[in-house]
Amino acid sequence: MTRHRKVLSIALCVLLVVLISYWSFLKWQFAGDGTIRYLGPFAPSYRIRMSRVPLNLPGEYRYRFRRLPAIRDMNVLLEVNGEKKDLHELERLNTAIEVRFIDSAGKNVCMASGTLGPPENHHWVILSDGYAIIFSVDCLHLSTQSRMPYALLIRIQDVDPHSPVVSLTPILEGGGIKIELP
C-alpha cells in the first residue's frame, strides 16, 4: 500500500469517527418524554418513541422534549400496537384523533385532526407493511431546531364503540441522508 493510500485511509477513518461521535453527541443531549435512537447516517437517522396511548379510551396525552436534533425532515407517526385483524377495523372507526406538535412559543409546528374513517372524512392515512402506521400529511416533513423545547399533544375523542383494544405509540422520526435510486 502506498503512502498516499495509507494517509487517505486514516483520514477517512478519522472522518467516520468524528461523524459518528457528532451524531451520538446529539443523541446524548436529548432530554424529554421518550427514548431516542440513532439509526445511522441514512434516512431516517433518529427515532423517538414515547409511551403508548390507548385508542379505545378518550384522553389527552402530552410529551415534552428538549434538545432534539436539528432536523429538516421530521415526521410525526402513530404506530399501531395490536392484532393484524384490528387494522381493517380501524379504517371504519369514527374515533377522533388530534395531534399537535408545538414549539416553546406555543406555535403549532403541525396540527392534524380528524377521524380514522369513514373514507369521505378520512384525514388519517393507515399504512400496513409488516407493522401499521397512522399518519397525516399535515405532520410530515417538519423542521426542528436543536435548542428549542417542543411538546407533542395527542387527544383521543369521541371513541367509537366498535373500537378494538389497541394502543398507539407516538413516534418522531427523521433526519439522515436520503439516497434516491434512478
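For this structure, a couple of remarks:
- One residue from Leu78, Leu93, Leu57, Leu127 being in a strand (DSSP E or B) and either at pLDDT 90 or above or surrounded by 17 or more Cβ atoms within 10 Å (Cβ to Cβ) (or both): Leu78
- Matching residues, region 139-176, being over 21 Å from Ala70 (Cβ atoms) and surrounded by fewer than 18 Cβ atoms within 10 Å (Cβ to Cβ): Leu153, Arg155, Gln157, Asp158, Val159, Pro161, His162, Pro164, Val165, Ser167, Thr169
- Residue in region 1-54 that is modelled with the highest pLDDT, counting only those that are of a type in the set (Ser, Thr, Tyr) and surrounded by fewer than 13 Cβ atoms within 10 Å (Cβ to Cβ): Ser51
- Within region 42-54, the residues that satisfy the criterion of being in a loop (DSSP other than H, G, I, E, B) and closer than 16 Å to Glu79 by Cβ are Pro44, Met50, Ser51, Arg52.
- Exclusive hit being closer than 20 Å to Ala43 by Cα, touching a Pro at 6+ places or on another chain (Cβ under 7 Å) and of a type in the set (Ser, Thr, Tyr), set Ser167, Ser104, Ser146, Ser136: Ser146
- Subset tally (residues that are under 11 Å from Leu153 (Cβ atoms) and in contact (Cβ under 8 Å) with a residue 40 or more places away in the chain) for region 98-112: 5
The values are calculated or read from the model by the stated rules, or taken from the named source; none is laboratory data. Bear in mind that the values here come from a model prediction, so they are computed numbers and not experimental data. Note that we place each Cβ from the backbone using ideal geometry, even for glycine, and neighbour counts take in every protein chain shown.
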